[in-house]
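Visitor: The structure is given below, and queries will be raised subsequently.
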Amino acid sequence: MKPWILGLTGGIGSGKSAAAQGFIERGILVVDADHAARWVVEPGRPALARIVEHFGPQVLQADGQLDRAALRQQIFADAEQRRWLENLLHPLIGQEIVRVLNQAESPYAVLVSPLLIESGQHRMTQRILVVDTPPERQIERTIARDRNSEQQVRAIMQAQASREERLRHAHDVLLNDRDLAWLDREVERLHHFYLSLRGGQP
């Protein structure tokens, strides 16, 4: 039987990666949309050539890799440029995600994406799990992890779907406001529940 797909999302610093790791440890195939997004812009892939043609060579590092920080600066200030980039990358990222999900041999597979709702990737899934964290905790965690300023973190949060928007799409919500042991117990509970589902529906 073909595995059903669980979409896993949450804002920056919500603990998506830690939750995803919990599913991996339980033998579930996890596809990370961020990894797919990195792969489609590797040197030698057509998307990178298109990006350089559009934004100029200043978005490349000396070794030919994409300079994400330089690109981010160009698109964060300009919604039209961001849309251009999204229109180029989203279909390619979608194809890569589908390719990997098709290899799943677990009863269900997980698609982790910070932009699950905004990018339309939720349409590939049968059920959505939102890792939800109070905004102040998200900011704290992200500053500690990425050494970003609070202003940068808030700008990224603005570009992502609002907490309300995510929760509106959620079938399940994992409130991640405690420690990692608590998070792991919640993943365990959800995993057993998901094993009982057919096609993501009770």
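The values are calculated or read from the model by the stated rules, or taken from the named source; none is laboratory data. Because the structure is a prediction, the values reported are computed rather than measured. Cβ coordinates were reconstructed from backbone atoms using ideal geometry, including for glycine residues, and neighbour counts include every protein chain displayed.
Visitor: Just to confirm my filter: which helices (runs of 4 or more DSSP H) fall fully inside region 100-202 and include at least 2 residues that are surrounded by fewer than 18 Cβ atoms within 10 Å (Cβ to Cβ) and touching a helix residue (DSSP H, G or I) at 6+ places or on another chain (Cβ under 8 Å)?
Guide: By residue number, 135-146, 150-159, 180-195.
Visitor: Here's something else I'd like to know. Under 23 Å from GLN152 (Cβ atoms), loosely packed, with under 12 Cβ neighbours inside 10 Å and at pLDDT 90 or above: which single residue out of GLN65, GLN58 fits that description? Show your work before the answer.
Guide: On the way: GLN65 fails: loosely packed, with under 12 Cβ neighbours inside 10 Å.
Of GLN65, GLN58, the one residue that is under 23 Å from GLN152 (Cβ atoms), loosely packed, with under 12 Cβ neighbours inside 10 Å and at pLDDT 90 or above is GLN58.
Visitor: Here is a list of conditions, (1) modelled with pLDDT of 95 or more; (2) assigned by TED's automatic domain parsing to the domain that holds LEU180, and ARG154 meets all of them except one; can you say which number that is?
Guide: (1)
Visitor: Return only the number of the condition from (1) free of Cβ contacts under 8 Å to residues at least 12 places away in the same chain; (2) over 19 Å from LYS2 (Cβ atoms) that GLN95 does not satisfy.
Guide: Status for GLN95: all satisfied but (2).
Visitor: Continuing with this model, one more query. Being in contact with a Leu (Cβ under 9 Å, 6 or more places away or on another chain) and either loosely packed, with under 15 Cβ neighbours inside 10 Å or not aliphatic (A, V, I, L, M) (or both) is the requirement here; does GLY10 meet it?
Guide: yes
Conditions (1) in contact with a Cys (Cβ under 8 Å, 6 or more places away or on another chain); (2) crowded, with 17+ Cβ neighbours inside 10 Å; (3) closer than 24 Å to GLY199 by Cα, marked per residue:
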{"site": "ILE5", "(1), (2), (3)": "no, yes, yes"}
{"site": "ILE28", "(1), (2), (3)": "no, yes, yes"}
{"site": "VAL31", "(1), (2), (3)": "no, yes, yes"}
{"site": "PRO46", "(1), (2), (3)": "no, no, no"}
{"site": "ILE75", "(1), (2), (3)": "no, yes, no"}
{"site": "ASP78", "(1), (2), (3)": "no, no, no"}
